[in-house]
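Here's the structure we're looking at; comments come further down.
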Amino acid sequence: MPVTIERPVLPAEARVSDISERRRRRGTIRDRGRRLTIGLVNNMPDAALAATERQFSGALETASGDLEVRLRFYALPQIPRSPEALAHVAQLYAAAAALGGDSLDALIVTGAQPISPDLEGEPYWRGLTKVIDWAEANTISTMLSCLAAHAGVRHFSGIARRALPKKCSGVFVFERVRADRLTDGASEPWIIPHSRRNGLDEQDLRRHGYRILTRSTSVGVDLFVKQMRSLLVFLQGHPEYESDTLAREYRRDLGRRIHGGEFGPLPEMPQAYFSTAAERALTAFCQEALAEKRPDAMSSYPEIGLDGPADAPWRRSANLLYRNWLGLIAERKAEAVQNASSLAARWGG
């Protein structure tokens, strides 16, 4: 079923909107349980802002089945934005502070562009942790992605992320560590893209009560959860990524290194991602660009390096994860509605 993206409700519209919402919500308990409102706190930098909207709305739509999913966008004011991006945010997003007055069934919080080596030194740290605290107390489930996952375990448990020797970038196969509703029905390898410069130690997570669901001996933990007042779902990887996302990131990183003022070795190509032909073309391009040191070197970037695998092999794992997550939220919501209706009938409410 298509996902409905809701724009922010202006104060003058609030009363009419509330009345319409109450009327629309009438129906059977089952109907109400199958209508989900999900928030997306999009912290990605300007260049990835629209792509992130598209990735998550597409992932939820593919997984929604017969569920009615409405998606609302929220923004942290502490994330640096260009005037053009701020205009876009003003049209589609509500401020994160508006979460306090909204009723959401679930929330997704994305990662962000790291600025400080220490998470608590990020300009958005306090705003981000306020969002995470609200979500833990007010949603059925919250999904924390990449840097937001690192922020969540730092905030709740004092677990510090660790800098990796090199960027973890590529498509990786993960072992399913234990049976869980979120990975239920997986009959094929669990494949997820990763793109990060930091990681979490599995033993640190286990000591603090986090349940590890998927992991790899080469790149560590992928998916883990903790049941608090909300079911918190943590992802170090990016199941929402489109087929060309890692290709775009690699081109960006390469451009920064070749003529963007960065030093050190060239960024490594994403693992198990490009075709053999693309890897050869990109290797030749890198050698030529470094040798010639032309300021316009990136204008010759091979077209074959602009795309990733056409079949996006992680799509099956991603669809299963989001479908199971939405189904779990719908079940818990229906149970809550049923319990509330039973209490109201019992006490004459």
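Whenever a residue of segment 213-227 is in the same structural domain as residue 180 (by TED's automatic domain parsing), its partners that are of a type in the set (Val, Ile, Thr) and assigned to a strand (DSSP E or B), lying with C-beta atoms within less than 6 angstrom and at least six residues away or across chains, give the pairs 215/221; 221/212; 222/192; 222/214; 223/214; 224/212; 225/233.
Would you point out which residue out of 175, 262, 188 is modelled with pLDDT of 95 or more, farther than 23 Å from residue 330 by Cα and of a type in the set (Asp, Glu)?
Answer to the check: 175.
With respect to the conditions (1) crowded, with 23+ Cβ neighbours inside 10 Å; (2) closer than 30 Å to residue 295 by Cα; (3) of a type outside the set (Phe, Trp, Tyr), residue 244 falls short on a single one, namely (1). Does residue 341 meet the test of being at pLDDT 95 or above, under 30 Å from residue 34 (Cβ atoms), in the same structural domain as residue 108 (by TED's automatic domain parsing) and hydroxyl-bearing (Ser, Thr, Tyr)? No; evaluated as a whole, the condition is false for this residue. The set of residues from segment 46-92 being outside any helix (DSSP H, G or I), within 24 Å of residue 325 (Cα to Cα) and not small (Gly, Ala, Ser) comprises 66, 67, 68, 69, 70, 71, 72, 73, 74.
Of the residues making up segment 259-268, those that are surrounded by fewer than 20 Cβ atoms within 10 Å (Cβ to Cβ) and in contact (Cβ under 8 Å) with a residue 12 or more places away in the chain are 259, 266, 268. The conditions of being under 30 Å from residue 265 (Cβ atoms), modelled with pLDDT under 95, in contact with a helix residue (DSSP H, G or I) (Cβ under 8 Å, 6 or more places away or on another chain) and of a type outside the set (Phe, Trp, Tyr) are met by residue 114. Candidates 241, 250: the one that is in contact (Cβ under 8 Å) with a residue 60 or more places away in the chain and in a helix (DSSP H, G or I) is 250.
The values are calculated or read from the model by the stated rules, or taken from the named source; none is laboratory data. Computed from a predicted structure; not experimentally measured. Neighbour counts run over all protein chains shown; Cβ positions are idealised from the backbone, glycine included.
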